[in-house]
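Reading through the structure tokens given below for one structure.
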Amino acid sequence: MILEHRFGHIPQDARRGRAWLASLAPLFTGHLEADAVVPTGAFLRYHHLGEILLAVDESPAQILERDAERVRAQALDHLVLWTPAGGRARVTAAGTEGAVEPGAILLLELSQPVRIAMEPLAGHAVVVPRRLIEAESGHPDWHGRILSGPQARLGTMLADHMRHAGGCLSDLTLEQTRHLAPATLALCRALLAATPLVEREPGSARAVALGLAVRRFIEAHLAGVDAAMLMAEFGLSRTILYGLFSDAGGLYAYIRDRRLAEAMRCLSRTDGERRPMMAQLAHTCGFNHPTVFARAFRRKYGINPSEVTPGSIPAAVAKGENAALIAWLRDL
């Protein structure tokens, strides 16, 4: 599935600029550099590959900011691996500043603020849920790391892979995309495994860290987690716990959506005799009755669980392209 923003149909420079900045709004606040004009060929495109997203863009000179308020509100636990082509960027993150050039890989965590000032360029990015690449012990902090030079040959390989994939994804079949996503994820894992880890400082960004820790616990205990378990595990009052999920529609709405996303992943990866019985899948994903599970699944994804085919990618249920992107990220 593809979400795409294009601007060639807007003749006025000022309107085209406003439309471009609006397209960045789900994740960033954008500012055009002085005298910068969004070219008619500029675009921003997201490809949903099942477990990960791949983003491709042709951008004007601009500044992107992801502030602490947006980070807290969205509580996204994803790693972005980004590379520019034909342009350079300066990034300020985690108290450090550095330059990103073509062939280098910038690592960003959506759970932390960042500022990026970039020249006109083409950019390619992979967005990966941290649970798919996080080390078995500890929570390594990759935010703001720039991988380049002879010690980052895997980074160069991944950068080349992203550029080639971004150029051909629109022409691939769903079956071909199924094979591309695991290969891309494997490259990301190989790169990160070879990258020295930096542990988070205790107590840094506590509100964000608490929200992410609770979400990781939910992910690890999907079948049986509830408010009482979370309050006991983290020593939280009900008011504080529920407040962590106000932007997600509430705690139990978040848990339900994570259970349904897990069911979709299971169904879209298996077929034939390997596919679990619906009653068994409902129980494994934390639903007490298969009818309740089927009804919730149909309400979220628009199809019955039995209609999911291998390689299916869930359609975003939120209205609007911006809301759809956030829905995609939360469903990964």
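Which of 31, 179, 47 has the fewest other C-beta atoms within 10 Å, and how do the rest follow up to the most? Walk me through the numbers before you get to the answer.
Working: 31 14, 179 11, 47 23.
In increasing order of surrounding Cβ atoms, one gets 179, 31, 47.
If you average 1/r over every pair of different alpha-carbon atoms in region 2-193 and take one over that average, what Kirkwood value in Å do you get?
Values: mean 1/r = 0.0585 Å⁻¹.
Taking every pair of different Cα atoms in region 2-193, averaging 1/r and inverting gives 17.1 Å.
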Per-residue [θ]222 nm for the chain (sum of -39500 (n - 2.57) over DSSP H runs n ≥ 4, rounded to 500): -12500 deg cm²/dmol
In nm, spacing of pseudo-spin labels at residue 183 and residue 253 (7 Å Cα→C-beta vector): 4.0
Max mean-square fluctuation residue, GNM over the chain, Cα-Cα springs under 10 Å, options 180, 49, 260: 180
Ratio Rg/Rh [Cα only; Rh per Kirkwood] for region 1-86: 0.97
Where labels lie 7 Å past Cα in the beta-carbon direction, separation of residue 239 and residue 172 in nm: 5.0
Amide hydrogen neighbours beyond the local backbone of residue 145, cut-off 5 Å, H modeled: 107
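Grab the beta carbon distance between residue 31 and residue 2, set R0 = 30 Å, and tell me the FRET efficiency rounded to 0.05.
Working: r = 27 Å, r/R0 = 0.89.
The calculated FRET efficiency here is 0.65.
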Karplus (6.51, -1.76, 1.60) ³J(HN,Hα), θ = phi - 60°, over region 263-269, in Hz, Gly and Pro reported as x: 5, 4, 4, 5, 5, 7, 9
Where only alpha carbons of the chain are counted, the Rg and the Dmax (Å): 20.2, 61
For peptides 70-76, 6-12, sequence by mean Cβ density within 10 Å, most packed first: 70-76, 6-12
GNM top mover of 268, 237, 111 - the chain, alpha-carbon springs below 10 Å: 237
Among 17, 103, 224, residue whose mean-square fluctuation peaks in a GNM of the chain (springs only between Cα atoms under 10 Å): 224
Label-point separation in nm, residue 115 to residue 280, each point 7 Å along Cα→Cβ: 5.5
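Taking 0.36 nm per intervening residue step and subtracting the Cα-Cα distance, what contour gain separates residue 73 from residue 229 on full extension? Mind showing how you got there, number by number?
Working: separation 156, 0.36 × 156 = 56.16 nm, distance 2.32 nm.
The span from residue 73 to residue 229 would gain 53.8 nm if fully extended.
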Förster radius 51 Å - calculated FRET efficiency between residue 13 and residue 153, Cβ distance, rounded to 0.05: 0.75
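Coordinate-derived values only; no laboratory data. Values in this document were obtained by computation on a predicted structure and should not be read as measured data. When we count neighbours, we look across all protein chains shown, and the Cβ atoms used for this are built from the backbone with ideal geometry, even at glycine.
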